[in-house]
Amino acid sequence: RENATMETFASASLAKVANYTIAHCGDCAACSVWHNLCLEWTDAQLLFKYGKTCGMEGTFKGSSAALKCEEDLIGWNEECAMCWSIDAMCAAHACIWIGLQSAFINTLSNEAVAPGAVTAASCEEAMCERETLKGPYKGAQGFVPCSGASRRRMGVQSSIARPASELCGVVEMDWLQYCGPQTAA
């Protein structure tokens, strides 16, 4: 499949008619390449930890440090790393006070995104995953439209516990067979 073409279809049924295997829901974009998809699968439990590290790099050293961290530490290709680093910088800007409060009360690793939960993760989803960003990143694509692929869109459960209804249910990929076992957190 490494040479297989990624393409966005208007519906799952049209993808099936064209004899494509559905790898993720939503439009394809910067992270919709096999290398990045396998990183999403194999390191699903570690990406939150790595993402926090790269976010801190960006907070203290600037956006180019966040980008370099996303490429070097995690291994995203350049286009996908750009989506992740913009997301990290957006979260650092938009969610700084929630993050600092969480650090003081030892809940920074709280990944809850349940309705009504106020955590750094829920702030990031609300502020940085929209179509276009506001604030210092005004006009930039939000994480979801920039990346295309995400664990949620791939039907992969991550360290962020989500109801099954939030995971793409039409994915046909056998991620374990294609990418290998997941890394233990």
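The values are calculated or read from the model by the stated rules, or taken from the named source; none is laboratory data. Predicted model, so just to flag it, every value in this text is computed and none were measured. Positions of Cβ are backbone-derived with ideal geometry, glycine not excepted, and every protein chain shown enters the neighbour counts. The protein model used for the area step is the full one, side chains on, heavy atoms only, and it has no ligands, DNA or RNA in it. Shrake-Rupley method; radii C 1.70, N 1.55, O 1.52, S 1.80 Å.
Meeting the requirement of 3 or more residues that are more than 26 Å from SER165 (Cα to Cα) and touching a helix residue (DSSP H, G or I) at 6+ places or on another chain (Cβ under 9 Å), the helices (runs of 4 or more DSSP H) wholly within the stretch 1-81 are 47-61, 63-69. Mind listing whichever residues of the stretch 158-185 are open to solvent by less than 40 Å² (accessible area, probe 1.4 Å) and assigned to a loop (DSSP other than H, G, I, E, B)? Matches in the stretch 158-185: SER158, SER159, ILE160, ARG162, LEU167, CYS168, VAL171, MET173, GLY180. In a residue-by-residue description of the stretch 69-77, the property of being open to solvent by 40 Å² or more (accessible area, probe 1.4 Å), in contact (Cβ under 8 Å) with a residue 40 or more places away in the chain and farther than 20 Å from GLU124 by Cα applies to at least one position. Screening ALA44 with (1) among the hydrophobic types (A, V, I, L, M, F, W, C); (2) surrounded by fewer than 18 Cβ atoms within 10 Å (Cβ to Cβ); (3) at pLDDT below 95 gives one miss only, at (2). How about the stretch 20-64: which of its residues are in contact (Cβ under 8 Å) with a residue 40 or more places away in the chain and among the acidic types (Asp, Glu)? Within the stretch 20-64, ASP27, GLU40, ASP43 qualify.
Taken over the stretch 82-133, the criterion of being at pLDDT 85 or above, outside any helix (DSSP H, G or I) and hydrophobic (A, V, I, L, M, F, W, C) is satisfied by no residue. When ARG130 is tested against (1) more than 13 Å from the chain's Cα centre (by Cα); (2) within 16 Å of ALA94 (Cα to Cα), just one condition goes unmet, and that condition is (1).
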